[in-house]
Amino acid sequence: MTFIDLLMLGFSEAITPANLAFCLLGALLGTLIGVLPGIGPTATIAVLLPITFFLPPLAGIIMLAGIYYGAQYGGSTTAVLVNLPGEASAVVTTLDGYQMARQGRAGAALAVAALGSFFAGTVATFAIAVAGPTLSGFALSFGPAEYVSLMVFGLLAATILASGPVLKAIGMILIGLLLGMVGTDGATGAERLTFGAIELFDGIDFIVIAIGIFGFSEIIANLERSGSEGVKLAPLSRLWPTREDFRNSWGAVLRGTGLGTLLGLLPGGGATLASFSAYSLEKKVSRHPERFGTGVVEGVAAPEAANNAAAQSSFIPLLTLGIPSNNMMAMMLSAFMIHGITPGPTVLTNQPEIFWGLVASMWIGNLLLVVINLPMIGLWVKLLTVPYRLLYPAILLFCCIGVYSMNNRIFDVILAAGFGLLGYAFRKAKCEPGPLLLGFVLGPLLESNLRRTLLITQGDPAIFVERPISLVMLLATVALLGLMILPAFRRTREEAFQEEEA
Amino acid sequence: MTITKTAALAAILATTATAALADWPADRPIEMIVAFAPGGGTDIMLRTLAPFLEAELDTQIPVLNRPGASGEIAYTALSQARPDGHTVSSLNTPGFLTMQIGRTLRYEPADICPIARIVEDPGTFIVQAGSDYTSLADLVAFAKANPGAVSVGTTGVGTDEHLAMLQLEQAAGIDLTAVPFGGANEAKTALLGGHVAMIGLNVGEYTTSDQGSFRALAQFAEERSTLAPELPTAKELGFDVLMSSERGLAAHCDVPEEIRARLAAAVDTALANPEFQEKARQQALPLSFKSGADWQADMPVRLARYTEIFKLIEGGQ
């Protein structure tokens, strides 16, 4: 069968009333949990997994996939309207999205996010269809040595991404690395920094830290304000982006889509890494980096396109090799297994209707999401007028439910509350928590891959410069370091952030 | 007076106990604690089994995930629950046994009594399909000539794969290099990318993987698994390596003998149900029922064996 025949087969499967209904259900559910901070797609899919027993395989998988990419749309809504990441991948969207909302341009931010996501979703779906089997080879050539170099580069880049003094950013990264060390040491089985608490054996959950530092501390900070009347809304002149918004954002959407599609392929990559990277890339290529963080449309368009592209392209290693690249994909793998389907090249040849049906449904799902999100933007914007005394207890409740439901234990909720206080202290000290999160995520990956590399080579570090991908990344790191030390660059960076603060 | 009171109290208590036993299990749901996160092998297995047990026992069985510390959190919860037969938990070996070696536990392992074993999934070593190692003997010969050069992907220290690797080192007199990964899927990716020479997997994980990309060298059970009848055991090949992961259910040992026996009988009946067997086949579960008493009787020997192997780890191997 030719490519067109296969695609037609996929659409004929995806467009049956039942599959269409499950696609819509997944997209709606995804948007809902995306909007609610604290309740993520991983927890939702875990809960719904047993239900897919009773569905035909394709319908179940279509619905679960819809939840995942639907959450990427919904997450941006909360980020823009309440300055809370509805999803981990929407953390950077808060930086410019919320500022846009404060200037009365919430509608434009949401529309750009939705349209950018749709474009990225379309491209990523096409990438799965066309290049899936070939692209997955790229992910495989990423061994432990390549990861080490990528992480080193990522951590250095994080210090540039942060606003404020470099020293503070490095301090935050170090705290993140320290927090990432908590738990059982994978190479020896020894306990580290657990203080004898059994709940810390497996380390601290990303969700606990993210909800604490972003969710709880936001609410604490808002207690300082006297009024409980909600955000003062600037008059919403238009919900549609201006011609200028479109002109400014199309390049960002293109770059975000490309970067997101690539990063989604990497094991351990995915929507969160993609949105962080897209934002820092955008800041670097921009002619006016100093305006980032004040409500520029590129700062919303790029990460939103990137997280949706990555959410979709992370299906490529799963569908073509049966390898889940992140914990979301591990859940999807379970969904396949429940029906006795083993994702991999054999599915592409023996059950093409599964692969192509899913690909086609992804595109349909993205179309549905634009329809769900755009006309309903007015409804979401109304959320802004809900008084804080109603909105914040509700958010607090959802955060607690989300944290508790991960492991069914109250310890995590208390821990998140502790991180809330810490996050508040960081706010007061004007320390941006973004680098902390990145250090927390990348630190354990860096450590375990470094140890793996040296175990495999029996202690010979030459491998880092012998392998081409690793070498290129290390050279890029050195170049970046050189730039940071150069006086001219330092001055520009400082000026940029001074303007931002002013 | 006091004696009468005490006697009366004892009588009441006895009646309550009998009544509780008589009502069991219909009076309240039976909580099933799973020691792993939702979506894992043990979780899916028990969630598949629960409706069959519900039908058999005519009660409700909600599944509650208490993941963490390789099962210790779940076992601690089980040992602290009231021993009235309304709380059961998953039980996995070798994890349950190896955590007893040189680790201070928050529960008393002797309080945990197996109800029934459901699955026995032997370990196996996997190489790339195009690898030069076509048999375990090839690999052993290469490792003899190049000590430490063969890297083996495991899922951490003291896990099934690591223990199997240590046994092979001892049985064949070779030196391998263990490389810990975050999970079976990470290890598979590393093998496919050629970053490690060999990885350990369970036979169930191997048969559900893409068989065209991998080649299994041997399985580590006493007898060949029903899932892989073609694959020789290490013993057949002349290497004394025994390693299986077993999954089942457990209850507190203070739960009355009759209740435990009824739970075990319900598991046995469910496993014989063709509808359940079909679901197990789809999930590649190598069903292997064993009564709680028989399973418990196996454990001291295995614990002794694992303790021996752990001494090797401490010896710097």
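Any idea which of (1) among the β-branched types (Val, Ile, Thr); (2) modelled with pLDDT under 90; (3) in the same structural domain as B:Ala116 (by TED's automatic domain parsing) is the one B:Thr207 doesn't satisfy?
(3)
Yes/no per residue for (1) hydrophobic (A, V, I, L, M, F, W, C); (2) more than 27 Å from B:Met243 (Cβ to Cβ):
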residue	(1), (2)
B:Val34	yes, no
B:Leu46	yes, no
B:Leu49	yes, no
B:Leu64	yes, yes
B:Ala74	yes, no
B:Pro83	no, yes
B:Ser89	no, no
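Within the stretch B:270-317, which residues are assigned by TED's automatic domain parsing to the domain that holds B:Thr59 and in a loop (DSSP other than H, G, I, E, B)?
B:Asn273, B:Gln283, B:Ala284, B:Leu285, B:Pro286
Go through the residues of the stretch B:271-278 one by one and say whether even a single one is modelled with pLDDT of 90 or more, in contact with a strand residue (DSSP E or B) (Cβ under 8 Å, 6 or more places away or on another chain) and under 14 Å from B:Leu53 (Cα atoms).
Checked the stretch B:271-278: at least one residue is modelled with pLDDT of 90 or more, in contact with a strand residue (DSSP E or B) (Cβ under 8 Å, 6 or more places away or on another chain) and under 14 Å from B:Leu53 (Cα atoms).
Considering only the stretch A:155-191, state which residues are farther than 30 Å from A:Arg291 by Cα and at pLDDT 90 or above.
Matches in the stretch A:155-191: A:Leu178, A:Leu179, A:Gly180, A:Met181, A:Val182.
Yes/no matrix, rows are residues, columns are (1) within 14 Å of chain B (Cβ to nearest Cβ); (2) touching a residue at least 24 places away in the same chain (Cβ under 8 Å):
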| site | (1), (2) |
| --- | --- |
| A:Glu282 | no, yes |
| A:His288 | no, no |
| A:Thr294 | no, yes |
| A:Pro303 | no, yes |
| A:Gln312 | no, yes |
| A:Pro317 | yes, yes |
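Identify all residues within the stretch B:276-287 that are touching a residue at least 40 places away in the same chain (Cβ under 8 Å), closer than 12 Å to B:Thr48 by Cα and not polar (S, T, N, Q); write none if there are none. Before you say what the answer is, go through the steps one by one.
Narrowing the stretch B:276-287 to residues touching a residue at least 40 places away in the same chain (Cβ under 8 Å): B:276, B:279-280, B:283-287.
Now restrict to residues that are closer than 12 Å to B:Thr48 by Cα: B:276, B:279-280, B:283, B:285.
Those that are touching a residue at least 40 places away in the same chain (Cβ under 8 Å), closer than 12 Å to B:Thr48 by Cα and not polar (S, T, N, Q): B:Phe276, B:Lys279, B:Ala280, B:Leu285.
Which condition breaks for B:Ala81 when tested against (1) away from every other protein chain (no Cβ under 13 Å); (2) within 27 Å of B:Ala272 (Cβ to Cβ); (3) over 16 Å from the mean Cα position of the chain (by Cα)?
Condition (2) is where B:Ala81 drops out.
Starting from the stretch A:447-467, take each residue that is hydroxyl-bearing (Ser, Thr, Tyr) and list its partners that are not in a helix (DSSP H, G or I), counting only C-beta distances under 6 angstrom and pairs at least six apart or across chains.
From the stretch A:447-467, the pairs are A:Ser448/A:Gly186.
Looking at the stretch B:226-250 only, could you name the residues that are farther than 20 Å from B:Leu303 by Cβ and of a type in the set (A, V, I, L, M, F, W, C)?
B:Leu227, B:Ala228, B:Leu231, B:Ala234, B:Leu237, B:Phe239, listed by residue number.
Are any residues in the stretch B:23-50 modelled with pLDDT under 85, at negative phi, at the interface with another protein chain (Cβ under 8 Å from one of its Cβ atoms) and crowded, with 20+ Cβ neighbours inside 10 Å, and if so, which ones?
B:Ala37, B:Pro38, B:Ile44
Name the single residue that is farthest from A:Leu436 (Cα to Cα) among those in the stretch A:82-108 being over 18 Å from the mean Cα position of the chain (by Cα) and hydrophobic (A, V, I, L, M, F, W, C).
Initially, the stretch A:82-108 is screened for residues over 18 Å from the mean Cα position of the chain (by Cα), giving A:99-108.
Filter once more, keeping what is hydrophobic (A, V, I, L, M, F, W, C): A:100-101, A:106, A:108.
Numbers: A:Met100: 25, A:Ala101: 26, A:Ala106: 28, A:Ala108: 30 Å.
Looking at residues that are over 18 Å from the mean Cα position of the chain (by Cα) and hydrophobic (A, V, I, L, M, F, W, C), I get A:Ala108.
Tally time: how many residues in the stretch B:135-159 are within 29 Å of the chain's Cα centre (by Cα) and away from chain A (no Cβ under 14 Å)?
Looking only at the stretch B:135-159, we keep the residues that are within 29 Å of the chain's Cα centre (by Cα), and these are B:135-137, B:139-140, B:150-159.
Now restrict to residues that are away from chain A (no Cβ under 14 Å): B:135-137, B:139-140.
Total satisfying the criteria: 5.
Quick one: which residue in A:Ala274, A:Ala252 is away from chain B (no Cβ under 14 Å), assigned to a helix (DSSP H, G or I), surrounded by 20 or more Cβ atoms within 10 Å (Cβ to Cβ) and modelled with pLDDT under 85?
Result: A:Ala274 is the single residue among A:Ala274, A:Ala252 that is away from chain B (no Cβ under 14 Å), assigned to a helix (DSSP H, G or I), surrounded by 20 or more Cβ atoms within 10 Å (Cβ to Cβ) and modelled with pLDDT under 85.
Residues to consider are B:Leu237, B:Leu191, B:Leu163, B:Leu201; find the one that is more than 23 Å from the chain's Cα centre (by Cα) and within 13 Å of chain A (Cβ to nearest Cβ).
Answer to the check: B:Leu191.
Which of the helices (runs of 4 or more DSSP H) contained wholly in the stretch A:339-418 include at least 2 residues that are in contact with a strand residue (DSSP E or B) (Cβ under 9 Å, 6 or more places away or on another chain), modelled with pLDDT of 75 or more and surrounded by fewer than 18 Cβ atoms within 10 Å (Cβ to Cβ)?
Details: elements: A:345-350, A:352-373, A:377-382, A:388-407.
Filter on the stretch A:339-418 gives an empty set.
Go through the stretch B:51-72 and give me each residue that's facing chain A (nearest Cβ under 10 Å) and buried (at least 18 other Cβ atoms within 10 Å of the Cβ).
Of everything in the stretch B:51-72, those that are facing chain A (nearest Cβ under 10 Å) and buried (at least 18 other Cβ atoms within 10 Å of the Cβ) turn out to be B:Asn65, B:Arg66, B:Pro67, B:Gly68, B:Ala69, B:Ser70, B:Glu72.
Please work out if B:Val267 is part of a helix (DSSP H, G or I) and either in contact (Cβ under 8 Å) with a residue 60 or more places away in the chain or within 14 Å of chain A (Cβ to nearest Cβ) (or both).
yes
Restricting attention to the stretch B:166-185, which residues are farther than 19 Å from B:Asp138 by Cβ and within 9 Å of chain A (Cβ to nearest Cβ)?
B:Ala178, B:Val179, B:Pro180, B:Phe181, B:Gly182, B:Gly183, B:Asn185 - these are the residues of the stretch B:166-185 that are farther than 19 Å from B:Asp138 by Cβ and within 9 Å of chain A (Cβ to nearest Cβ).
When you check B:Thr226 against the structure, is it in contact (Cβ under 8 Å) with a residue 60 or more places away in the chain, away from chain A (no Cβ under 12 Å) and of a type outside the set (D, E, K, R), yes or no?
Details: in contact (Cβ under 8 Å) with a residue 60 or more places away in the chain: yes; away from chain A (no Cβ under 12 Å): yes; of a type outside the set (D, E, K, R): yes.
Criteria met by B:Thr226.
Can you pull out the helices (runs of 4 or more DSSP H) entirely within the stretch A:1-89 that have at least 1 residues that are surrounded by fewer than 24 Cβ atoms within 10 Å (Cβ to Cβ) and at pLDDT 75 or above?
Qualifying helices (runs of 4 or more DSSP H): A:3-14, A:17-35, A:57-82.
The values are calculated or read from the model by the stated rules, or taken from the named source; none is laboratory data. It should be emphasised that the depicted structure is a prediction, and the values quoted were computed from it without experimental measurement. Positions of Cβ are generated from backbone atoms using ideal geometry, with glycine treated the same way; all protein chains shown enter the neighbour counts.
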